[in-house]
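Asks: I'd like to ask some things about the structure below.
The values are calculated or read from the model by the stated rules, or taken from the named source; none is laboratory data. Quick caveat, the model's predicted, so the values are computed rather than measured. We place every Cβ from the backbone using ideal geometry, glycine too, and count neighbours over all the protein chains shown. Calculation scope for accessible area: heavy atoms of the full protein, side chains included, ligands and nucleic acids excluded. Shrake-Rupley method; radii C 1.70, N 1.55, O 1.52, S 1.80 Å.
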Amino acid sequence: LVYTAVAKPKLEIVGGNTKDWGKVTLKQSPLKHKLTLKNSGSEILKINRLKPTCGCTTAPLNKSELKPGESTTVDVSMSITGVSGKMHKQIAIETNDPKSPYINYMLIADVVLPLTVSPTTYLPFGNLQVGVETKSKLKIKNTSESNITLSEVKTNMPEIKVNLNGNKMLKPG
């Protein structure tokens, strides 16, 4: 019986191939994570490429070659500004690991806005006529877990007036 040992590099992503922040709010943006890459093999691991698939994510690589047993940390940052709901992003990692030369590291977050407004894109005013006042309704919902008080609603269009009589307290839901 003859056994042949072949020296190979091996990428290990410490903690697994996914970072899930769970429910987050816009106040937490940008989301931060320390991604640790380790060479669990017996030869030098070369990280040829580490590239986020979206401009909202940064992951600068400070060391592209790892000796056997050596690790490096990547400071991942993901902006969630202007987003709501489930967010899935990836970081493509390309190495000289013969068993896994391409790995997608997943970034997941569920962005919860404290208030949702509908309709979201425009207000339906029906038949508009010059010189005639027309009304439309806007629905504002509290999706947070605490009370929110609306005291003023502003618009950047002086022609549109929002009638909010006094402070309005919105309970969760």
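Asks: Among (1) of a type outside the set (Val, Ile, Thr); (2) assigned to a loop (DSSP other than H, G, I, E, B); (3) in contact (Cβ under 8 Å) with a residue 12 or more places away in the chain; (4) over 30 Å from Glu43 (Cβ atoms), where does Lys161 come up short?
Replies: (3)
Asks: Additional query: Do we have any residue at all in segment 90-108 that's polar (S, T, N, Q), open to solvent by 50 Å² or more (accessible area, probe 1.4 Å) and within 30 Å of Thr155 (Cβ to Cβ)?
Replies: The answer is no, given that none of the residues of segment 90-108 is polar (S, T, N, Q), open to solvent by 50 Å² or more (accessible area, probe 1.4 Å) and within 30 Å of Thr155 (Cβ to Cβ).
Asks: Let me ask something else. Among the residues of segment 136-147 satisfying the criterion of being assigned to a loop (DSSP other than H, G, I, E, B) and within 20 Å of Lys27 (Cα to Cα), which is most open to solvent (accessible area, probe 1.4 Å)?
Replies: Result: Glu145.
Asks: Taking the stated definitions as given, is Lys19 closer than 29 Å to Glu145 by Cβ and surrounded by 15 or more Cβ atoms within 10 Å (Cβ to Cβ)?
Replies: It is true that Lys19 is closer than 29 Å to Glu145 by Cβ and surrounded by 15 or more Cβ atoms within 10 Å (Cβ to Cβ).
Asks: Take the residues in segment 57-82 that are among the β-branched types (Val, Ile, Thr) and assigned to a loop (DSSP other than H, G, I, E, B); name whichever of them is farthest from Asp110 (Cα to Cα).
Replies: Thr81
Asks: Still on this structure, I have one more. Can you name the residue in segment 45-56 that is under 14 Å from Asn104 (Cβ atoms) and either in contact with a His (Cβ under 8 Å, 6 or more places away or on another chain) or not in a strand (DSSP E or B) (or both) and is also most open to solvent (accessible area, probe 1.4 Å) among such residues?
Replies: The residue in question is Thr53.
Asks: How many residues are under 34 Å from the mean Cα position of the chain (by Cα), modelled with pLDDT of 80 or more and either exposed (fewer than 10 other Cβ atoms within 10 Å of the Cβ) or hydrophobic (A, V, I, L, M, F, W, C) (or both) when one looks only at segment 118-128?
Replies: Here the count works out to 1.
Asks: Is it true that Asp97 is of a type in the set (D, E, K, R) and assigned to a strand (DSSP E or B)?
Replies: Taking the combined requirement at face value, the residue does not satisfy it.
Asks: Please indicate, with yes or no, whether at least one residue in segment 102-124 is in contact (Cβ under 8 Å) with a residue 24 or more places away in the chain, among the polar types (S, T, N, Q) and under 30 Å from Val14 (Cα atoms).
Replies: Checked against the condition, which is being in contact (Cβ under 8 Å) with a residue 24 or more places away in the chain, among the polar types (S, T, N, Q) and under 30 Å from Val14 (Cα atoms), segment 102-124 yields at least one hit.
For every residue, the table says whether it meets (1) part of a strand (DSSP E or B); (2) open to solvent by 90 Å² or more (accessible area, probe 1.4 Å).
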residue: Val130; (1), (2): no, yes
residue: Thr134; (1), (2): no, no
residue: Thr149; (1), (2): yes, no
residue: Gly173; (1), (2): no, no
